[in-house]
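Undergrad: Can you read through this structure? Questions will come right after.
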Amino acid sequence: MPDLRFRPEPAQHTEIPRPKRSEGQWGLGYTEPLNKNEQSKKDDDPLNVRNRILGIYSKRGFDSIDPADLRGRFRWMGLYTQRAPGFDGGKTAMLEEEELDDRFFMMRVRTDGQVLDADALRALGEVSTTYARNTADITDRNNIQYHWVAIESVPAIWERLEAVGLSTLEACGDGPRPFLGSPVAGIAKDEIIDGSPALAEIKRRALDNPAYSNLPRKFKTALTGHPSHDVAPEINDVSFVGTVHPEHGPGFDLWVGGGLSTNPMLAHQLGVWIPLDEVADAWEGVAGIFRDYGYRRLRSKARLKFLLADWGKEKFREVLENEYLHRTLVDNPSPAAPAVQGDHIGIHEQKDGRFYVGAAPVVGRVDGTTLAALGDLVERYDATGVRLTAYQKLVVIGVAADDTEAFADDLEKIGLTARPSGWRRATMACTGIEFCKLAIVDTKERARNLVTELEKRFPDLDTTISINVNGCPNACARTQVADIGLKGQLVLDDEGNQVEGFQVHLGGALGMTPALGRKLRAHKVTSAGLDDYVTRVVEAYLADRAHGESFAAWVAR
Ligand code: SF4
């Protein structure tokens with residue numbers, strides 16, 4: 001039986017009809033597993049796999065791993081098998097996922113918006129160089145992602161990470177995925193409210209807690225008190241966004257049900273005001289609704305957005321207030337769209353007179369050597385540390401006013417830059433075929449080459465055009481919310497051969513003008529032809545735009 005200690009009392013104020021066909025909603029009494037994922041979670045709390053990794057698998061090796069753990073519960077420890085080399089994108093569709101399994105793992109380390117000091121950066125670097133063949137990617141969910149990790153190395157990696165306050169716990173799987181926090185929380189001059197204590201409290205309550213270790217599917221959280229909405233709140237399952245109530249002062253609005261992938265939906269804004277010390281309660285309420293009423297029959301419908309689509313935000317709020325919070329939320333208009341984009345690249349003054357420096361790797365790709373060198377720089381300049389951003393970038397906090405230019409120069413020497421081109425600044429790429437078993441096309445290397453080429457072709461572009469490169473429809477690098485969103489798939493070349501390519505979405509955005517990009521069926525491009533395709537689109541925009549018109553506005557005309 002699933003752990004039902006946390007089921008709500010029967011609804012007292014809200015009529016929720018029991019559907020004739022079970023969608024696996026625990027709160028309506030449908031507790032029998034309806035697919036193999038649900039069965040696996042019922043058979044054993046996925047959090048228990050940690051002890052088996054430590055006690056058995058890391059000692060006896062890869063072949064000792066129970067397949068149900070390998071392809072299921074390992075994810076709760078931030079571990080996925082990576083893609084075995086030698087399978088092209090065409091094979092992805094023809095083979096079962098397990099047939100693509102390598103004997104090495106991808107490992108995600110969650111940072112949850114926390115500041116990484118010099119020791120933490122050096123530990124992250126050392127793990128990479130010692131155990132992960134010097135791989136390390138900054139993901140768009142505040143993670144460091146390693147590859148080539150052997151099961152035998154996992155206990156030593158965990159020990160090294162835990163010594164600096166980091167973990168891989170629930171970095172994947174059907175639970176509270178890594179939290180996105182504002183990179184400038186507590187330091188930005190224009191901050192509405194510092195949400196760090198609330199995020200820390202959510203983390204304390206959410207992780208390693210069986211109440212939230214068996215959710216219907218992944219559950220993504222974002223929290224920011226910065227007016228730029230710098231954590232992609234529109235596309236998280238639950239987001240807290242800084243706002244001001246005319247009487248009560250700063251607090252947070254609650255946004256729910258955002259998500260991309262194959263049925264993209266921007267979050268519903270509830271239009272409420274939640275004080276800092278009640279944010280964690282609201283998080284538990286939303287997570288509880290998802291756990292109890294989320295659909296568990298089909299994996300493809302098991303995200304919170306599908307429940308929101310059926311319930312609507314009024315009913316969602318009613319259930320949240322009546323069954324979970326047992327109080328009424330305060331009404332307050334949702335915050336206006338931000339006036340500035342929130343990637344925090346460049347040099348900016350903090351409210352304490354020191355400076356933060358936002359820097360860009362190319363599409364999030366760094367390595368262990370770079371992370372360790374960054375740790376040394378942080379120490380040498382007596383900076384506070386580093387936070388990761390929701391855009392595969394990083395922000396160094398607490399640089400002295402007189403040191404900013406020298407610090408930026410030293411960042412350049414280790415392959416990071418606080419003065420990136422617009423292309424480097426606004427391009428992201430998911431993991432892709434290099435390591436991801438679901439990928440159809442290469443992404444990281446393709447995007448890197450695209451950035452290099454566009455820097456040559458448009459060196460002085462006076463605006464920023466975002467490009468998100470994805471290896472399959474899952475949209476981990478947010479296909480639908482970029483100016484130019486690319487979804488990996490096989491396409492036909494001029495000779496009629498199936499080759500790697502992309503379906504194009506145009507005109508999506510987060511932040512200032514949030515919108516889902518338009519999928520243009522006729523706009524399919526081969527990977528080889530991508531540079532020229534983007535060039536044609538950009539040239540058409542530059543030739544046709546009105547004064548000050550953004551790319552997204554031009555597409556929407
Ligand atoms: Fe893998 Fe697809 Fe996600 Fe890219 S979008 S990381 S290819 S699942």
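Each value in this text was obtained by applying a stated rule to the coordinates, not by laboratory testing. Fair warning: this is a prediction, and the values are worked out from it, not measured in the lab. Here the Cβ is made from the backbone with ideal geometry for all residues, glycine too, and neighbour counts use every protein chain on show.
Undergrad: Full extension from Asp494 to Asp66: what is 0.36 nm times the residue separation minus their Cα-Cα distance, to one decimal in nm?
TA: 149.4 nm
Undergrad: Within segment 352-384, list the residues whose amide N lies under 20 Å from a label point set 7 Å along Cα→Cβ of Glu445.
TA: 362-368
Undergrad: P(r) for segment 373-456, please, calculated from all Cα pair distances in 5 Å bins and given in %.
TA: 3, 12, 19, 19, 16, 13, 10, 5, 2, 0
Undergrad: Determine the gain in length on full extension of the stretch Lys36-Leu461; use 0.36 nm per residue of separation and subtract their C-alpha separation, reporting nm with one decimal.
TA: Details: separation 425, 0.36 × 425 = 153.00 nm, distance 5.08 nm.
Gain on extension, Lys36 to Leu461, equals 147.9 nm.
Undergrad: Quick one: order Val184, Val451 by neighbouring beta-carbon count within 10 Å, fewest to most.
TA: Working: Val184 27, Val451 23.
Least crowded to most crowded, the residues run Val451, Val184.
Undergrad: If packing is taken as the mean number of other Cβ atoms within 10 Å per residue, what is the order of 41-48, 185-192, 503-510, highest first? Numbers along the way, then the final one.
TA: Numbers: 41-48: 17.2, 185-192: 19.4, 503-510: 23.2.
By packing density, highest mean first, the sequence is 503-510, 185-192, 41-48.
Undergrad: Sticking with this one: Using a ≥ b ≥ c from the Cα gyration tensor of segment 469-554 (square roots of the eigenvalues), is it rounded, prolate or oblate, where a/c under 1.5 gives rounded and otherwise the larger of a/b and b/c decides, a/b for prolate?
TA: The shape class here is oblate.
Undergrad: Order by neighbour count: Thr135, Thr224, Thr130, fewest other Cβ atoms within 10 Å first, most last.
TA: On the way: Thr135 23, Thr224 30, Thr130 14.
Sorted ascending by nearby Cβ count, the order is Thr130, Thr135, Thr224.
Undergrad: Another question, if that's okay. Using only the Cα atoms, work out Rg/Rh for the chain, with Rh taken as the Kirkwood radius, to two decimals.
TA: 0.95
Undergrad: Follow-up. For Lys301, list the aspartates and glutamates whose Cα falls under 18 Å from its own Cα; do not include residues on the same chain fewer than 8 positions away.
TA: Glu23, Glu32, Glu38, Asp174, Asp237, Asp292, Asp310
Undergrad: In whole Hz and in residue order, list the ³J(HN,Hα) couplings for segment 401-414 that follow from phi through the Karplus curve 6.51 cos²θ - 1.76 cosθ + 1.60, θ = phi - 60°; x for Gly and Pro.
TA: For segment 401-414, the Karplus curve yields 3, 6, 9, 4, 5, 5, 5, 4, 4, 5, 4, 4, 5, 10 Hz.
Undergrad: Beyond 21 Å, what percent of the Cα pairs of segment 412-557 remain? Provide the component values of the computation, followed by the final result.
TA: Values: 4376 of 10585 pairs.
For segment 412-557, the fraction of Cα-Cα distances above 21 Å is 41 percent.
Undergrad: Next up: Only residues of segment 326-345 count here: report those whose backbone N is under 15 Å from the spot 7 Å along Cα→Cβ of Val244, or say none.
TA: Those under the cut-off are 333-339.
Undergrad: Label segment 238-366 by shape, choosing from rounded, prolate and oblate, from the square roots a ≥ b ≥ c of the eigenvalues of the Cα gyration tensor; if a/c is under 1.5 it is rounded, and otherwise prolate applies when a/b is larger than b/c, oblate when it is not. Mind showing how you got there, number by number?
TA: Details: a/c = 2.42, a/b = 1.34, b/c = 1.81.
It is oblate, given that a/c is not under 1.5 and a/b is not larger than b/c.
Undergrad: With a ≥ b ≥ c taken as the square roots of the eigenvalues of the C-alpha gyration tensor of segment 70-203, please select rounded if a/c is under 1.5 and otherwise prolate if a/b is larger than b/c or oblate if it is not?
TA: Values: a/c = 2.23, a/b = 1.71, b/c = 1.30.
Prolate.
Undergrad: Quick one: if you stick a label point 7 Å off each Cα along the C-beta vector at Ala163 and Asp88, how many nm between them?
TA: 4.6 nm
Undergrad: With r defined as the distance between the Cβ atoms of Ala556 and Asp376 and R0 fixed at 51 Å, what FRET efficiency is calculated, to the nearest 0.05?
TA: Values: r = 46 Å, r/R0 = 0.91.
Efficiency for this residue pair is about 0.65.
Undergrad: List Met107, Met512, Met428 from most exposed to least, where exposure is judged by having the fewest other Cβ atoms within 10 Å.
TA: If I rank by nearby Cβ atoms, fewest first, I get Met512, Met428, Met107.
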